[in-house]
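The values are calculated or read from the model by the stated rules, or taken from the named source; none is laboratory data. The model shown is predicted, which means the values in this text are computed figures rather than measured ones. Here the Cβ positions follow ideal geometry from the backbone for every residue, glycine too, while neighbour counts run over all protein chains shown.
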Amino acid sequence: MEQWPNSPQKTKQVISTFADGLNQSVESIEIKDSQLTTAINVDSFLYPTLQVADGHSVLSQHTGYINRLFKFLGVWYCGNGKGLYKLSGSSWVAVYEYGDSNNDRLWDASMFFDGSKLYFLDGTLQLRQYDGSSLTTMSNAPANSKYMTTHANRFYLANSSDNLLSYSGLRDAADWTSTDKYTGTGKITVETPDGEKPTGLTNFANHVLLFKKYTMHKLFGEDSTNFNMTQPYGVGCISDRTIVPTRDSLFWLGPDGFYDYMGGAAPTKISDPIRNYIEQINMAYAHHCVAGTDGRFVYLSLVTGSETLPNVTLKYDLQRRSWWPMSFVATSFYLDGQTLYFGTANGQIMRAGNSSYNGAPISWAIETKPFSEGDETVHKAIHKLWVVADIEVGSSLNVAYAGGTEGSDWTTVSNMTNGTGQIQSIKIPVIVRTPETWYRLRLWGTGKVKIHRIIREVTRRGA
């Protein structure tokens with residue numbers, strides 16, 4: 001923090017960047033100058049520059065709430081409350097379809113061994129095998145399986161009504177009955193004192209993880225001769241759809257926050273900066289929360305308040321460890337190469353990576369912390385602002401200030417429209433009639449904008 005000159009009437013300049021994300025973990029006056037109290041549709045991809053986040057466009061239109069999205073043998077597949085479908089030309093064709101629609105019919109799918117077969121289930125449907133044209137029922141697989149994963153050339157299944165973790169024969173998804181101790185099948189009972197049933201299943205860092213609401217259980221080994229289930233960690237999962245592996249970590253949503261697990265040490269909660277969102281999760285419908293990744297960010301969609309489907313999407317910067325709320329809502333994710341795709345509650349499949357939200361300009365906004373410039377004993381006033389920014393042609397950037405630590409009494413001091421697409425240092429005179437101990441800034445606009453830094457010229461007005 002730059003020190004004040006000796007004379008109380010002298011001014012000083014303060015330079016700030018704003019790419020360290022939202023922070024709701026402490027009172028607003030305590031967060032870093034580079035963090036924000038509110039933000040929408042901006043991110044830290046160009047850190048320390050703050051930029052308007054990339055947009056998206058429609059890849060395909062289906063129907064209903066898209067709760068699963070993936071590719072198999074180069075073909076798009078999606079699941080909704082009525083069935084599982086594949087894209088043929090521009091039409092969605094049923095692979096398996098029910099006569100009714102149920103939003104709690106949440107699909108899980110996996111490829112096995114050489115990737116030539118697709119396996120899927122929904123919690124009531126018997127495990128099915130699909131090769132792109134023929135559908136086969138795995139009649140010996142455990143009934144009512146809801147969660148699946150693969151590890152060491154075996155299938156693992158669990159459901160939400162008992163405490164059994166079942167595994168298939170070696171390299172054989174149809175074998176659930178053989179008893180050879182090396183290549184055969186089996187069941188492992190995973191009990192906890194609270195009686196909770198499984199809520200998720202995955203593999204990571206050469207072991208299988210079975211989740212319950214309040215615990216995580218790790219299974220090491222490859223067959224009945226060397227299986228080892230460790231003592232559970234006291235960190236659970238409330239939605240298997242939020243379990244997301246990245247290059248270095250596994251992420252998931254627990255009952256008290258979003259967790260990062262690197263395979264060795266205990267999981268770490270990383271969601272304190274978005275505490276207000278986490279506290280509003282509707283636990284009765286938390287199983288609809290979902291997450292995905294594009295390699296740089298992990299996206300997390302939550303069901304909050306009285307909603308029953310995801311209504312909020314945020315993204316977490318894996319490099320900068322910062323959180324950014326978005327205005328769109330995704331209900332499923334799939335990363336194809338380096339391009340992220342996501343489903344929506346109205347049946348759309350979106351492709352990320354555009355300068356607009358499906359043709360509409362992106363509306364964005366940020367609000368800074370209350371600045372005291374290192375002195376909370378005197379009033380002060382802003383005289384000038386310099387915004388160092390890149391405003392694309394057709395985009396806009398507006399600036400306002402407000403005194404105090406909260407409230408919505410903003411005074412607009414600049415409206416910049418139809419930028420040049422070049423970096424500019426934009427000087428903004430500010431007239432402050434009532435000096436305050438703290439003051440805040442608000443920036444908002446539409447279209448693609450990059451904010452490199454803001455320089456504030458501030459005068460202290462006496463003790």
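Annotations for the structure displayed:
- Residues within the stretch 152-191 that are buried (at least 16 other Cβ atoms within 10 Å of the Cβ), modelled with pLDDT under 95 and of a type in the set (Ser, Thr, Tyr), tallied: 1
- Among the criteria (1) surrounded by 15 or more Cβ atoms within 10 Å (Cβ to Cβ); (2) of a type outside the set (Ser, Thr, Tyr); (3) touching a strand residue (DSSP E or B) at 6+ places or on another chain (Cβ under 9 Å), the one Asp194 does not fulfil is (1).
- Yes/no for Thr137 being buried (at least 17 other Cβ atoms within 10 Å of the Cβ) and polar (S, T, N, Q): no
- Which numbered condition Phe220 misses (of (1) closer than 24 Å to Trp107 by Cα; (2) touching a His at 6+ places or on another chain (Cβ under 7 Å); (3) of a type outside the set (Asp, Glu)): (1)
- Taking the criterion of being within 20 Å of Val303 (Cβ to Cβ) and in contact with a Pro (Cβ under 8 Å, 6 or more places away or on another chain), the only residue of the stretch 255-273 that qualifies is Tyr259.
- For the stretch 210-244, a residue qualifies if it is among the basic types (Lys, Arg) and either within 23 Å of Ile278 (Cβ to Cβ) or not assigned by TED's automatic domain parsing to the domain that holds Trp107 (or both), and the qualifying residues are Lys212, Lys213, Arg241.
- Taking every residue in the stretch 271-289 that is over 13 Å from Asp256 (Cα atoms) and pairing it with any residue that is in a helix (DSSP H, G or I), at least 6 positions away or on another chain, the pairs with Cβ-Cβ distances below 9 Å are His287/Asp240; His287/Arg241; His288/Arg241; Cys289/Arg241; Cys289/Thr242.
- The stretch 375-393 - residue that is in contact with a strand residue (DSSP E or B) (Cβ under 9 Å, 6 or more places away or on another chain) and not in a strand (DSSP E or B) and, of those, farthest from Ser28 (Cα to Cα): Glu392
- Conditions (1) farther than 18 Å from Asn228 by Cβ; (2) within 30 Å of the chain's Cα centre (by Cα); number of the one not met by Asp180: (2)
- Tyr285 being hydroxyl-bearing (Ser, Thr, Tyr) and assigned to a helix (DSSP H, G or I): yes
- Qualifying residue in the stretch 305-316 (condition: touching a Gly at 6+ places or on another chain (Cβ under 8 Å) and under 18 Å from Val244 (Cα atoms)): no
- Selection count where residues are more than 16 Å from Lys212 (Cβ to Cβ), touching a helix residue (DSSP H, G or I) at 6+ places or on another chain (Cβ under 7 Å) and buried (at least 21 other Cβ atoms within 10 Å of the Cβ), scope the stretch 246-278: 1
- Among the residues of the stretch 194-227, those identified as outside any strand (DSSP E or B) and charged (D, E, K, R) are Asp194, Glu196, Lys197, Lys213, Glu222, Asp223.
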